[in-house]
1. Quick one: in the range B:2-20, which of the residues that are more than 7 Å from every other protein chain (Cβ to nearest Cβ) and over 21 Å from the mean Cα position of the chain (by Cα) is modelled with the highest pLDDT?
2. Residues that are under 30 Å from A:Lys7 (Cβ atoms) and among the small types (Gly, Ala, Ser): which helices (runs of 4 or more DSSP H) entirely in the range B:1-67 hold 2 or more of them?
3. Please go through the range A:15-49 and give me each residue that is touching an Asp or Glu at 6+ places or on another chain (Cβ under 8 Å) and more than 15 Å from A:Gly140 (Cα to Cα), ordered by number.
4. In the set B:Gly113, B:Gly98, which member is touching a residue at least 40 places away in the same chain (Cβ under 8 Å), at the interface with chain A (Cβ under 7 Å from one of its Cβ atoms), surrounded by 24 or more Cβ atoms within 10 Å (Cβ to Cβ) and not aromatic (Phe, Trp, Tyr)?
5. Please specify each residue of the range A:104-129 satisfying the condition of being surrounded by fewer than 19 Cβ atoms within 10 Å (Cβ to Cβ) and of a type outside the set (A, V, I, L, M).
6. Checking B:Val85 against (1) surrounded by fewer than 24 Cβ atoms within 10 Å (Cβ to Cβ); (2) facing chain A (nearest Cβ under 7 Å); (3) free of Cβ contacts under 8 Å to residues at least 60 places away in the same chain; (4) farther than 25 Å from B:Tyr318 by Cα, which single condition isn't satisfied?
7. Which of the residues belonging to the range B:235-247 are in a loop (DSSP other than H, G, I, E, B) and farther than 16 Å from B:Ala334 by Cα?
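The values are calculated or read from the model by the stated rules, or taken from the named source; none is laboratory data. Quick caveat, the model's predicted, so the values are computed rather than measured. Positions of Cβ are generated from backbone atoms using ideal geometry, with glycine treated the same way; all protein chains shown enter the neighbour counts.
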Amino acid sequence: MERNPTKFWNPYLAGVALGLVLLSAYLFVGKGLGASGPALRLAAAAVGAVAPGHVAATPSLARLGADGHPLDHYLVFVAVGTLLGGLVAAYTAGRLAPGVTRGPSAGVRLRLWMALGGGLLLGIGARLARGCASGQALTGGALLSAGSWAFMLAIFAGGYAAAWLARREWR
Amino acid sequence: MTFPLEAVVARPELASVLGVLVGFGFGFVLERAGFGDARKLLRQFFGTEMVMLKVMFGAIVTAVLGAVVLAGLGALDLRALADEVTSPTFLWPMIAGGFLVGVGIVLSGYCPGTSFVGIGSGKLDAAVAFAGVIVGQLLWAELELREPFRTFHGSGAYGHVYLYDLLRVPPAVVAAAIVAMAAGAFLLAERIERLLGAPAAPAEPPSPRRRVLAGFGGAALVALATLALPRGTSAVAAPAPRIDPEALARRVLDAPWTVRVLDLRPLEACAAARIPGAECAPPEALADLGMADAVPARDVVVVGAGDLADAPPEIRAYRGRVQVLAGGFEAWKAFALAPPEAPAPGASPAALETHRLRAGLNAALTGAAAPPPAPVLPAAGGARPKKKTGGGGCG
């Protein structure tokens, strides 16, 4: 494969490829994709290792471990695969390089604080909506779930509302 | 061949292995689309390069068309798959959560899925964003149990509702409408890119878009054509699936809000004795139930006097799941109203559990003294029948 860090797939063809990945998850495994679920499971496992009593007293965490270890779950395996897939794709394209992605005028410190704050909102939003852009919008949207479509439209509404506020971070 | 593959669903360890492969494809495609770099994703919201919309919409249309065509050919039960894979709709928290996720994407530069790819590309900001996702979720896991967050977290609950339920058209028609929407969105996105586009935005050759849209259109036509197939091949025309008395008892006791039991026997018989929580729906009253217009949030179980071959057409018109109680009320009576025989010594834990359920149910429904408890039991199962029936002296 040629190494060209600035060359990406055509977005339409990438969309079709992503759709085929999602479809094969439906057809061959009977499940979908997800990214926020595994993050919560990782958190539940970490908290459980430090303070097992607290997990047991918090139903929203305890139920993750009801059928065994919180990390023994299909979506955790998907997450491991996602990390590997990203790593291999970045390496073979010559894009694997440590660094901080940021806009031309934002400093590293501002960028990392924004990443943390944005990540917090992603986490809260994903729990509220029972899934994130992968698990709720893509997986549920392609199965025509009404709630998933409302969620997806709200993502774009929130994104455009915040774009004006965040213009100094990125432009 | 029917999907999803039975061989995989029955074996979680095989599903986990396939999960790694599915995830690998997911991560690989996201990286090649450019989402390992936060700036690429962000250009969506500044209008200069709307990759996120194109990839996301393209993926959804592809998966919708694949699923709907297979469902039309009878190889896939679309609603059963969706009930299994998607979460029920909680409208208000989903809209609020979507808004927060949208703001979070713009501030952090990632959605949780692409942060994995950013980490895989070696980006520190992706790792920080992922840490934020973990902390944010833990925070909400604490808050969702406390008022007023708890009420909001469960508000707008409509159960499993799909666009084809809301619009009252077959899924293939919804799929065709989504293809048309996607075509419009793609053209609009390219126009906005030309208006706002920074000179850095690479010029897209139009041919892939045209070919992709032509493919979508062709698949949508195939999906629509499957509507003309005789229904005998699809899951729609098969008789309603059956549920045995034990499974129904567990649902009625453990999660009564997920099930609506309709007793089809004549009014006098139903008034005399019925399954807890059942509605009397004698044959002459079926049309008044308006099942075709009912919100399909709960599963409906119909109960006849004896075994019913299928649910009556008034009830089949319900857009949610319809099940028939195997053996009808007779079977329920034999299961729940007759005192169970004590299990043999050395019976399996599952058999003991069933016995405890039956004993508790029998005691609660008939007022009979509970039979002596089954020997050597784990303490967990016994509380269950008591919880909803408000009585019973089991265990």
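1. Step one: of the range B:2-20, the residues more than 7 Å from every other protein chain (Cβ to nearest Cβ) are B:2, B:6-7, B:10-14, B:17.
Still in the running and over 21 Å from the mean Cα position of the chain (by Cα): B:13-14, B:17.
Numbers: B:Glu13: 83, B:Leu14: 87, B:Val17: 90.
That would be B:Val17.
2. Numbers: elements: B:6-9, B:12-33, B:38-46.
Result: B:12-33.
3. none
4. Values: B:Gly98 fails: touching a residue at least 40 places away in the same chain (Cβ under 8 Å).
Going through B:Gly113, B:Gly98 in turn, just one is touching a residue at least 40 places away in the same chain (Cβ under 8 Å), at the interface with chain A (Cβ under 7 Å from one of its Cβ atoms), surrounded by 24 or more Cβ atoms within 10 Å (Cβ to Cβ) and not aromatic (Phe, Trp, Tyr): B:Gly113.
5. A:Pro104, A:Ser105, A:Gly107, A:Arg109, A:Trp113, A:Gly117
6. Answer for B:Val85: the failing condition is (4).
7. Looking only at the range B:235-247, we keep the residues that are in a loop (DSSP other than H, G, I, E, B), and these are B:235-241, B:244.
Answer for the range B:235-247, where residues must be in a loop (DSSP other than H, G, I, E, B) and farther than 16 Å from B:Ala334 by Cα: B:Ala235, B:Val236, B:Ala237, B:Ala238, B:Pro239, B:Ala240, B:Pro241.
Matching residues to (1) under 13 Å from B:Gly25 (Cα atoms); (2) in contact with a helix residue (DSSP H, G or I) (Cβ under 7 Å, 6 or more places away or on another chain); (3) of a type in the set (Gly, Ala, Ser):
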residue: A:Pro5; (1), (2), (3): no, no, no
residue: A:Ala49; (1), (2), (3): no, no, yes
residue: A:Leu64; (1), (2), (3): no, yes, no
residue: A:Gly107; (1), (2), (3): no, no, yes
